[in-house]
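Handing you a structure now.
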Amino acid sequence: MDDDGAEPQEATEELTAGVKRSERLIRLFLDLVPGQLDALAEALDQENAEAVRAHAHKLKGSCLAIMAEPMARAAERLQHDAAEGDLSHGAALVEELAERFMSVSALLQQELAG
């Protein structure tokens, strides 16, 4: 077990452990992602599959930059579904993304404090 062994289990599930994230990148993620989630939810409400696809793609990139892989996978599923014109799972995926963001955000705040 390495130094990361003391972290809560959810840290390794939501964020890739052992990755050095810059303060600037963390702050950018925390500042931008809530707006990205809002834009995604709005596009879904409007049943605009192309906008959902574009917003999900952008969100996926933000998640990958910070190494929040489970959140990135959820965004990728939504991106793929929207590209196929299927928004039937959109609400559940947006909810999952919002929940994952809450967890990721808390973990990133801990990194900033540490």
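Would you point out the residue of segment 8-39, among those that are within 14 Å of residue 67 (Cβ to Cβ) and acidic (Asp, Glu), that is modelled with the highest pLDDT?
Taking the candidates together, the pick is 14.
Moving on. Any residue at all in segment 46-53 that's under 12 Å from the mean Cα position of the chain (by Cα), under 22 Å from residue 78 (Cα atoms) and not β-branched (Val, Ile, Thr)? Explain how you work it out, then say what you get.
Of the residues in segment 46-53, the ones under 12 Å from the mean Cα position of the chain (by Cα) are none.
No, every residue in segment 46-53 fails to be under 12 Å from the mean Cα position of the chain (by Cα), under 22 Å from residue 78 (Cα atoms) and not β-branched (Val, Ile, Thr).
The values are calculated or read from the model by the stated rules, or taken from the named source; none is laboratory data. Predicted model only: the values in this text are computed from it and were never measured. All Cβ positions, even for glycine, are placed from backbone atoms using ideal geometry, and neighbour counts span all protein chains on display.
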